[in-house]
Amino acid sequence: MYPLLPDVLQGYGWISTVVGLLYAATIIGLIAVVISENRNPVKSLAWTTVLLLLPIAGMVLYVFFGRNLKNQRMISRRNRRRLRRHEKRTNFDPRREGLELTSLQVIGTASSLTGSQYYSHNSVEIFTDGATKFDALMNDIRKAKSYINIQYYIFEDDELGTRFAELLVEKAREGVQVRLLYDHVGSFKVSNGFFKRLRAEGVDAHPFFKVSFPQFGTRINWRNHRKVCVIDGIVGYVGGMNVAERYITGGSFPLWRDTHVRVIGPVVAALSYSFAVDWNFTSGELLEENPDADARRVHEPGKGAIGGVGAQFLTSGPTSQWSNIAMTFHRAIASARRRVYLQTPYFLPTEGLLRALQSAALAHVDVRIMVPAKSDSKMLTHATSSYFDECLRAGVRIYRYTAGMLHAKTIIIDDELCSIGSTNFDFRSFDYNFESNLFLYSRALNSRLADIFAADLRACERITASAWRKRPVIDKGIESVVRLLSPIL
């Protein structure tokens, strides 16, 4: 009588009837919600199919992974306006800098999506290994005069994390205001005592979207993946590295290859604004801080820094009206005329981004994608591989990095534009995570990143279409099955 109802309820008369009706109404209600959200039809159809065929499992999956947070506010409009006043608006016209048309189109797209301002004359230093990056960051922290705002997805209590924590405590004892945001799920393995000790020593530490009952199901899927540090409002750090020893030693890999940048200049105000929004959402405190003028004398560009760089800082997340970074990537790739070089640990593109890469390659743009030969997730490695055939047929060149774990998230477009940040080229980063990227406009910086890409190519194996077609049938089958889960991996 009730084919969707577990057998255990059969034969209980009116009770089973009532439960069956409520159960059916719940399924129908969830399907109505999915349809009314007007999402991508493929996603809506997938959720509807799951709810109809596997109603119990479908309900659980939908609660954890299917909810839509679009257009929900993280902070009030009033507080957002107050914070914006501290991000000094210059109304600078980037066309006066003689930028390429591709760059101007990307700048306009990013500005329309988020109000992200273009800042000229920044100094940018690139790091490709954890030891150098953390040495520089800790040196800046030691010089801090007024405040230290730090945000990481993962903050582990290993050797690096412990040294880092001790330094933060030392600065807090000196009277410097130290704030730390860490993602609760990203730092799940870390004992509560580690962060309690930090708080007891004066470090204002908060977990983002703390996952606990009864909020478990409503928070587990939304993660803050950003890596943003601001010191005295003068120097900022953005990129792909978390606070974990493996970023220095490689962990279970021979090495851990990542990219991070240190920036000094007016764009740091945008980093401060982003941190202040997340801090207000998490702690309720409204940060209205200005750069410490005295600190300008102690925070200087590094020897390898490149000056005169134009920059935009772009954030995205599940509460945004648009998929901000994904749409800006799409604009950049679609506008490319000479080359598109992409490094990402996980390659699970949306349909639009996949078509943009294919279209660029078919138009004889040099499109190259670099991924790790083996990532820190076997499932994601298989999912990534499932997209290779479509790319190869369009003329995209694919390289697998064999020297270790490639965790860098960089894009190089033509001769002037590049992007570095926390955003993986996958569904999770585009739809479910809070992410942040610097979009940088500089021929010198673009050339430096292209040289780094070329050096990484020497540690890669190139995938050819003929060889790829000959891989084992079982691998093809696993890839096809795992690909079905791509939107929630």
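The residues Glu159, Glu125, sorted by heavy-atom accessible surface at 1.4 Å with ligands and nucleic acids left out, run Glu159, Glu125 from largest to smallest. Amide H contacts of Val367 (H built 1.01 Å from N, in plane; Pro and chain starts excluded): Val340, Arg397 sit under 5 Å, all sequence-distant by 5 or more or on other chains. A crude spin-label estimate for the pair Arg471 and Ser76, with each label 7 Å from Cα along the Cβ direction, gives 5.3 nm. Based on the convex hull around the alpha carbon atoms, the stretch 353-489 presents an average projected area of 8.4 nm². Cross-link check: pairs Lys189/Lys378; Lys227/Lys303; Lys145/Lys227; Lys143/Lys227 evaluated at a Cα-Cα cut-off of 28 Å; no pair lies beyond the cut-off.
Given +1 on the Cβ of Lys and Arg, -1 on the Cβ of Asp and Glu, and no further charges, what dipole in debye does the stretch 220-290 carry about its Cα centre, rounded to the nearest 20?
Working: 6 positive and 7 negative charges, 89 e Å.
Dipole magnitude for the stretch 220-290 comes out near 420 debye.
What shape does the stretch 171-297 take by its C-alpha gyration tensor, where a ≥ b ≥ c are the square roots of the eigenvalues and a/c under 1.5 counts as rounded, a/b above b/c as prolate, and the rest as oblate? Verdict is oblate for the stretch 171-297.
Go through 307-313, 149-155, 372-378, 461-467 and give me the packing order, highest mean Cβ count within 10 Å leading. Walk me through the numbers on the way to the answer.
On the way: 307-313: 22.4, 149-155: 24.9, 372-378: 17.3, 461-467: 12.6.
My ranking of the peptides, most packed first, is 149-155, 307-313, 372-378, 461-467.
With q set to 0.15, 0.20, 0.25, 0.27 Å⁻¹, the log10 of I(q)/I(0) for the stretch 319-391, from the Debye formula over equal scatterers at the Cα positions, is -0.53, -0.89, -1.18, -1.27.
The residues of the stretch 190-344 expose on average 36 square angstrom of accessible surface per residue, using a 1.4 Å probe on protein heavy atoms. Entry note, the stretch 128-213: relative contact order of 31 percent, from Cα contacts under 8 Å with a spacing of 6+ residues. For Phe208, nonlocal amide neighbours, meaning residues 5 or more places apart or on other chains whose placed amide H falls under 5 Å from its own, are Tyr182, Asp183, His184. For the stretch 292-306 and the stretch 181-213, compute the distance between their C-alpha centroids and round to whole Å. Distance between centres, Cα-based: 31 Å.
Run the numbers for Asp135 and Ser191: contour at 0.36 nm per residue of separation, minus the present Cα-Cα distance, in nm.
Details: separation 56, 0.36 × 56 = 20.16 nm, distance 2.51 nm.
Difference between extended and current length: 17.6 nm.
Remark: the stretch 190-202, residue by residue, has Karplus-estimated 3J(HN,Hα) of 7, 5, 4, x, 4, 6, 4, 5, 4, 5, 5, 8, x Hz, where x stands for each Gly or Pro and the curve is 6.51 cos²θ - 1.76 cosθ + 1.60 at θ = phi - 60°. Computed from backbone phi with θ = phi - 60° and the Karplus coefficients 6.51, -1.76 and 1.60, the 3J(HN,Hα) list for the stretch 459-464 is 10, 10, 10, 8, 8, 9 Hz; x is used for glycine and proline.
Heavy atoms only, 1.4 Å probe, whole protein assembly: order Asp183, Asp93 by accessible area, highest first. Write out the running numbers ahead of the final one.
Numbers: Asp183 0, Asp93 45 Å².
Descending order: Asp93, Asp183.
The values are calculated or read from the model by the stated rules, or taken from the named source; none is laboratory data. For clarity, every value in this text was computed on a predicted model and none was experimentally measured. A quick note on method: Cβ atoms are made from the backbone with ideal geometry, for glycine too, and the neighbour counts reach across all protein chains shown. Heads up: the accessible areas ignore ligands, DNA and RNA and are worked out on the full protein's heavy atoms, side chains in. Shrake-Rupley method; radii C 1.70, N 1.55, O 1.52, S 1.80 Å.
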